[in-house]
1. What's the carbon and sulfur percent of the chain's accessible surface, probe 1.4 angstrom, rounded to a whole number?
2. Using per-residue counts of other Cβ atoms within 10 Å, averaged over each peptide, order 150-159, 204-213, 57-66 from highest down.
3. Check each of the chymotrypsin sites (Phe, Trp or Tyr not before Pro) in region 170-254 and keep only those in coil by DSSP with at most 11 other C-beta atoms within 10 angstrom; list them in order.
4. Pop a pseudo-label 7 angstrom from the Cα along the beta-carbon direction at both ARG150 and ALA72 and give the gap in nm to one decimal.
5. Which value, in debye to the nearest 20, describes the size of the charge dipole of region 178-218 about its Cα centre when Lys and Arg Cβ atoms bear +1, Asp and Glu Cβ atoms bear -1, and nothing else is charged?
6. In debye to the nearest 20, how big a dipole does region 112-194 give about its Cα centre with +1 on each Lys and Arg Cβ and -1 on each Asp and Glu Cβ?
7. Picking from HIS125, THR227, ALA163, whose Cα lies most toward the positive end of the charge dipole for the chain (charges on Cβ: Lys, Arg +1; Asp, Glu -1)?
8. Given the -39500 (n - 2.57) contribution per DSSP H run of 4+ residues, what per-residue ellipticity at 222 nm results for the chain, rounded to the nearest 500 deg cm²/dmol?
Amino acid sequence: MTDALDDPEAAAAALVAALRRARRTLVLTGAGVSTASGIPDFRGPSGLWADLDPREVGHIDAFRRDPARVWAFYARRIAVVREARPNPAHLALAALERAGIVGRVVTQNVDGLHRAAGSAAIEVHGRLDVAECLGCGARIEGAELDERLRAGGGVPRCACGRALKPGVVLFGELLPAAAIDEAFALAEEADLVLAAGTSLEVHPVASLPSAARARGAHFAIANRGPTALDDVADVRVEAALEEVLPRVAAAFDV
Ligand code: ZN
């Protein structure tokens with residue numbers, strides 16, 4: 001393990017050096033990428049959800065028991081995300097992806113901000129702007145979800161009559177198999193994994209660096225605060241992502 005670099009210029013230079021050596025880079029992101037967009041880390045100790053335990057109110061059993069309570073929680077998160085815009089970290093990653101400097105972004109975020117920035121992100125924890133029916137499989141999104149939330153008095157209903165489920169992966173649910181398979185396939189091909197804004201504590205995303213490292217890939221971490229995998233990182237950067245990643249993009253003229 002190396003000491004974390006906390007100066008934005010030095011941090012960017014270290015990431016640029018790692019990217020210049022790499023041919024295929026897999027990017028993993030988490031809540032830290034979106035904090036500069038005003039989206040609180042709902043796992044954190046403070047913020048909007050301090051009064052609620054997401055593992056309880058965001059559990060599939062809670063949804064089955066009391067969808068109105070679960071939707072009250074998610075409607076607040078949807079309202080926050082609706083006002084949010086991609087920040088310079090999202091935009092820099094999208095520019096690096098378009099230029100082929102990095103490959104796909106695999107994100108734990110459900111806010112859609114990588115998508116809004118133009119990244120073809122794999123959203124392994126689902127999407128906040130979508131709702132789905134566990135009965136007939138229908139999916140609705142965006143303005144239609146807002147409309148059904150209003151029409152249903154806080155619980156959006158499917159055309160088949162059932163309560164729709166938030167499009168995020170709830171606690172107690174499996175992650176979408178196709179997205180996870182794709183993420184592991186990318187990890188197997190990568191010669192660099194860049195984990196940005198994630199504390200790498202939630203599996204299976206936290207297992208992707210190991211899958212890549214087992215085949216000789218380098219591993220870079222850019223996060224505020226420690227992560228579960230600091231000990232095995234080749235590069236570790238502590239500076240704010242919205243300051244560092246635009247510098248990285250600028251170094252590649254993108
Ligand atoms: Zn249905």
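The values are calculated or read from the model by the stated rules, or taken from the named source; none is laboratory data. All figures in this text were calculated on a predicted structure; none of them were measured in a lab. With ideal geometry, Cβ positions are generated from the backbone for all residues, glycine too; neighbour counts draw on all protein chains shown. Note: areas computed on protein heavy atoms with side chains; ligands, DNA, RNA excluded. Shrake-Rupley method; radii C 1.70, N 1.55, O 1.52, S 1.80 Å.
1. 50 percent
2. 204-213, 57-66, 150-159
3. Working: sites: PHE171, PHE184, PHE219, PHE252; in loops: PHE252.
When the chymotrypsin sites (Phe, Trp or Tyr not before Pro) of region 170-254 are filtered for loop state and at most 11 Cβ neighbours within 10 Å, nothing remains.
4. So the label points at ARG150 and ALA72 sit 2.2 nm apart.
5. Details: 2 positive and 6 negative charges, 33 e Å.
The calculation lands at about 160 debye.
6. Charge dipole of region 112-194: 640 debye, to the nearest 20.
7. Selected residue: ALA163.
8. -11000 deg cm²/dmol
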